[in-house]
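These notes are about the structure you will find just below.
The values are calculated or read from the model by the stated rules, or taken from the named source; none is laboratory data. Computed from a prediction, not measured in an experiment: that's the story for all the values here. Neighbour counts are summed over all protein chains in view; Cβ atoms, including those assigned to glycine, are modelled from backbone coordinates with ideal geometry.
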Amino acid sequence: MSLLSLKPDPLVGIDISTTAIKLLELSKAGKGYKVESYGIELLPEKAIEDKKIDADAVELIGNKVTALLKRTKPKSQFAAVAISGPEVITKEVVMDKIPDTEMKEAIETDPATYLGQDIEDIELDFQVLGPNEREPEKVDVLLAACREETLEAHKTVLDLAGLKPKVIDIEKYALERAFVMIAKNDPDINEGEIIALIEIGATTATMNVLGDNQKIIYSHEEEFGGKQLIEQIQANYELTYEEAHLGTRDGGLPDSYETDILESFRDEMAQQISIMVQSYYSQSTYGKLSHILISGGCASIPDIVKHVETKVGGHVSVANPLASMSVASRVSKKALSNDAPSLMIACGLALRTFDEY
Ligand SMILES: Nc1ncnc2c1ncn2[C@@H]1O[C@H](COP(=O)(O)OP(=O)(O)OP(=O)(O)O)[C@@H](O)[C@H]1O
Ligand SMILES: [Mg+2]
């Protein structure tokens, strides 16, 4: 198994995120894809902190994955998961053209030189990207590294649920894959346009910009997300974390929720997006954004597009990575369409099944 590993068996994408475990399995259907199975299992507070599986929560999360498998019945027993957070390092370096085994050895013996820091118990992977532009006799190499311990928790969770980990991906690459697929399939997006994807989950708001080379060329992260919304609901209505979290998804909150809490959160969210877009324009020279896509759980907040359009201007829409896909009859289309904007990572992982990704 490896961090950027190559072609696997059919895979089920498992996104273990701050608030939930999200499962997605895709198959090929004609020229496109089909959602074979999907499901979300909510997690209790603090099972994941700073995007890391809490050591005491491994068993609980394993049980949640087991429950999710029982409910969604995916065909594959091979999984793709993603790791993220400050502990994961990715870097592009220039190396001599040497056989892969020698390359691995060179990096492993001297991680500090290649990664810019010394890591103990390192789990390392690399991918040769191609000849270097300035020194064509050398190659550009993408390195991915993390501590063994970071991978161990994910492996144990999958193992407890009887899944075999086949691909351990980096969250940003999984996101990029789903992002590229949306850009390719959205009839409103033309080739060569520069698009921003702003993901607002529970803890973080992340802006990624896709360049005309189909790569993420700009990333920026802020601490902002649905967690604030949940905390406010808890405080206002004396609810538990679980009740408040469910309330944001499924409703059933007091009538005053909309005017007392949601309205101002929606404004803050639009404001946050506006700040991120402005800082993109002031910090980068990549050019005008032709579209702003919003993803993450908070993209499902009613009327959010209208608010962001008013505040930021331009062409704004909710990202739906599954929009171009057909859906198996046993999958609930209604639930899927509410959850789709929060399935970017799960989708990017499930896409690893296919040769073209
Ligand atoms: N209508 C809605 N449907 C689903 N989630 C919603 C909705 N409205 C608000 N949210 C909030 O979205 C958040 C969940 O989003 P998401 O699933 O993208 O987060 P996450 O991936 O678990 O978190 P993170 O990316 O920060 O690790 C929760 O805080 C939830 O309360
Ligand atoms: Mg997320």
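Summary table below
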| quantity | calculated |
| --- | --- |
| Odd one out for Pro136, checked against (1) in contact (Cβ under 8 Å) with a residue 40 or more places away in the chain; (2) part of a loop (DSSP other than H, G, I, E, B) | (1) |
| Output for the range 100-113, where each listed residue is surrounded by 15 or more Cβ atoms within 10 Å (Cβ to Cβ) and either among the acidic types (Asp, Glu) or closer than 17 Å to Glu87 by Cβ (or both) | Pro111 |
| Matching residues in the range 204-243 - criterion: being without any contact (Cβ under 8 Å) to a residue 40 or more places away in the chain, within 13 Å of ligand 1 (Cβ to nearest atom) and of a type in the set (A, V, I, L, M, F, W, C) | Ile230, Ile233, Leu239 |
| Within the range 293-347, tally of residues that are under 22 Å from Ile261 (Cα atoms) and not in a helix (DSSP H, G or I) | 7 |
| Subset of the range 287-321 (residues that are in contact (Cβ under 8 Å) with a residue 60 or more places away in the chain and more than 16 Å from ligand 2 (Cβ to nearest atom)) | Gly287, Lys288, Leu289, Ser290, His291, Ile292, His315, Ser317 |
| Which listed residue, of Ser264, Ser274, Ser284, Ser324, is over 30 Å from Glu25 (Cβ atoms) and either within 16 Å of ligand 2 (Cβ to nearest atom) or at pLDDT below 95 (or both) | Ser284 |
| Selected residue (only one of Ile89, Ile83 is at pLDDT below 90 and under 21 Å from the mean Cα position of the chain (by Cα)) | Ile89 |
| Residue within the range 36-48 that is among the aliphatic types (A, V, I, L, M), out of contact with any Ser or Thr (no Cβ under 6 Å at 6 or more places or on another chain) and away from ligand 2 (no atom under 16 Å from the Cβ) present | no |
| Filtered residues of the range 259-286 (kept if within 15 Å of Ala196 (Cβ to Cβ), of a type outside the set (S, T, N, Q) and without any contact (Cβ under 8 Å) to a residue 60 or more places away in the chain) | Ala270, Ile275, Tyr281 |
| Selection status of Met344, crowded, with 20+ Cβ neighbours inside 10 Å, outside the structural domain of Gln214 (by TED's automatic domain parsing) and out of contact with any Phe, Trp or Tyr (no Cβ under 6 Å at 6 or more places or on another chain) | yes |
| Any hit, the range 331-350, residues being under 15 Å from Phe179 (Cα atoms), out of contact with any helix residue (DSSP H, G or I) (no Cβ under 6 Å at 6 or more places or on another chain) and either modelled with pLDDT under 95 or basic (Lys, Arg) (or both) | no |
| Complete set of residues in the range 348-357 that are under 9 Å from Asp15 (Cβ atoms) and either part of a loop (DSSP other than H, G, I, E, B) or out of contact with any Lys or Arg (no Cβ under 6 Å at 6 or more places or on another chain) (or both) | Leu349 |
| Matching residues in the range 158-179 - criterion: being touching a strand residue (DSSP E or B) at 6+ places or on another chain (Cβ under 7 Å) and over 16 Å from Val88 (Cα atoms) | Leu158, Leu163, Lys164, Pro165, Lys166, Glu176, Phe179 |
| Helices (runs of 4 or more DSSP H) contained in the range 38-121 and holding at least 1 residues touching a Leu at 6+ places or on another chain (Cβ under 8 Å) and in contact (Cβ under 8 Å) with a residue 40 or more places away in the chain | 58-72 |
| Residue list for the range 185-214, restricted to those being away from ligand 2 (no atom under 16 Å from the Cβ) and among the polar types (S, T, N, Q) | Asn185, Asn190, Asn213, Gln214 |
| Tabulated pairs, the range 334-347, first over 12 Å from Leu23 (Cβ atoms), second assigned to a loop (DSSP other than H, G, I, E, B), C-beta under 6 angstrom, 6+ apart or interchain | Ala340/Asn320; Ala340/Leu322; Pro341/Ala319; Ser342/Gly296; Met344/Pro321 |
